[in-house]
1. Taking every eigenvalue of the Cα gyration tensor of the chain, multiplying by 5 and rooting it, what semi-axes result, largest first, whole Å?
2. Per-residue ellipticity at 222 nm for the chain, helices alone: DSSP H runs ≥ 4 residues times -39500 (n - 2.57), over residue total, nearest 500 deg cm²/dmol?
3. Please work out how much length the chain gains when fully extended from Arg87 to Ala176, using 0.36 nm per residue of separation minus the C-alpha to C-alpha distance, in nm with one decimal.
4. Just to confirm a number: summing +1 for Lys and Arg and -1 for Asp and Glu over residues other than Gly138 whose beta-carbon lies under 13 angstrom from that of Gly138, what do you get?
5. Gap in Å between the Cα centre of the stretch 4-81 and the Cα centre of the stretch 181-243?
6. Name the long-range amide H neighbours of Arg136: under 5 Å, sequence gap of 5 or more, or other chain; modelled H, no Pro or chain starts.
7. Would you be so kind as to identify which of Thr26, Gly62, His44 lies farthest towards the positive end of the dipole of the stretch 1-135, taking Lys and Arg as +1 and Asp and Glu as -1 on Cβ and the Cα centre as origin?
8. About the Cα centre, and with charges only on the beta carbon of Lys, Arg (+1) and Asp, Glu (-1), how big is the dipole of the chain? Nearest 20 debye, please.
Amino acid sequence: AIFRVTVTPLSRDEGRAALCAFEDITEQEQMGAIRRDFVANVSHELRTPLTALLGFIETLQGAAKDDPAARARFLGIMAREAGRMNRLVQDLLSLSRVEADERVRPTARIDVNLVIGQAIAALKPLAEAAGVEILREGETGPVLLPGDADQLTQVFHNLIENAVKYGGAGKPVTVAVLHDPDGIARLGPAVRIEVIDRGEGIDAIHLPRLTERFYRVDTHRSREKGGTGLGLAIVKHIVNRHRGRFRIESEPGKGSRFTVILPVESAAETPVAS
Ligand code: ADP
């Protein structure tokens with residue numbers, strides 16, 4: 001714990017006395033450190049593509065000016081770097097949006113299978129390019145629950161995209177939707193959605209930190225695959241906002257399972273004990 005100690009001398013008639021106050025500022029200090037780290041991370045993540053862009057602009061203005069082949073190649077790299085900056089800014093905006101409305105419970109009734117279908121449709125080109133088949137299991141009809149359709153689409157988009165990216169070329173990805181009558185303790189019946197891949201898995205030491213912003217098992221690999229390191233942080237916040245649970249299990253060499261559990265009953269606020 002971190003304490004702030006304030007010593008205030010007392011008036012002279014009370015002798016040589018002083019008032020010593022201890023204030024626990026651990027949490028304040030931790031929040032400050034997290035914010036500083038975040039800003040440093042964002043700056044670093046943005047500077048990497050920006051430096052590359054500036055370098056290529058300079059080359060295009062100089063040495064490569066009259067070389068059409070070099071020009072085409074450099075423009076390709078520049079487009080990729082600009083795309084990375086764009087994704088990063090989009091993910092940062094999503095994250096700040098979900099953090100801002102985390103206290104407001106979504107109430108609209110949505111169909112989880114519809115939302116999953118939309119995420120899969122958007123990822124079809126990526127999956128096809130990697131030769132990955134996305135299989136659906138469990139409940140296939142409408143599964144209704146209170147939720148924010150855009151945000152839940154993003155949850156499944158991020159999870160399925162990771163499964164395709166890190167699951168290995170040619171290995172299928174399974175998305176299972178299962179009724180879970182026991183559900184979440186005190187929150188009643190739920191729906192369990194599992195996204196399963198058969199990739200190289202994740203070592204146990206990384207699991208607890210995967211939902212931290214910018215945490216990656218292999219930074220180079222993530223960047224190469226167009227990752228921002230924010231995907232699972234966004235997933236965690238959206239699931240929290242839905243009063244759900246998020247779990248990651250993995251067996252190195254065999255694959256990983258990402259489970260989202262969402263309550264099916266309207267998420268009424270827990271009554272305050274009187
Ligand atoms: P990124 O944009 O880097 O993919 P995420 O927050 O989505 O960021 O994921 C964080 C890290 O977790 C990734 O960089 C990757 O190392 C690891 N990871 C996520 N999903 C999987 C998966 N299905 N298999 C193996 N590793 C994964």
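1. 39, 33, 17
2. One gets -15500 deg cm²/dmol as the mean residue ellipticity at 222 nm.
3. 29.3 nm
4. Within the 13 Å Cβ shell, the charges total -2.
5. 25
6. Amide H to amide H, under 5 Å and 5 or more residues apart or across chains, Arg136 pairs with Val175.
7. Farthest along the dipole direction, towards plus: Gly62.
8. 460
Rule-based calculations on the coordinates, nothing more; no lab input. What you see is a predicted model; the values in this text were computed from it and never measured. Positions of Cβ are generated from backbone atoms using ideal geometry, with glycine treated the same way; all protein chains shown enter the neighbour counts.
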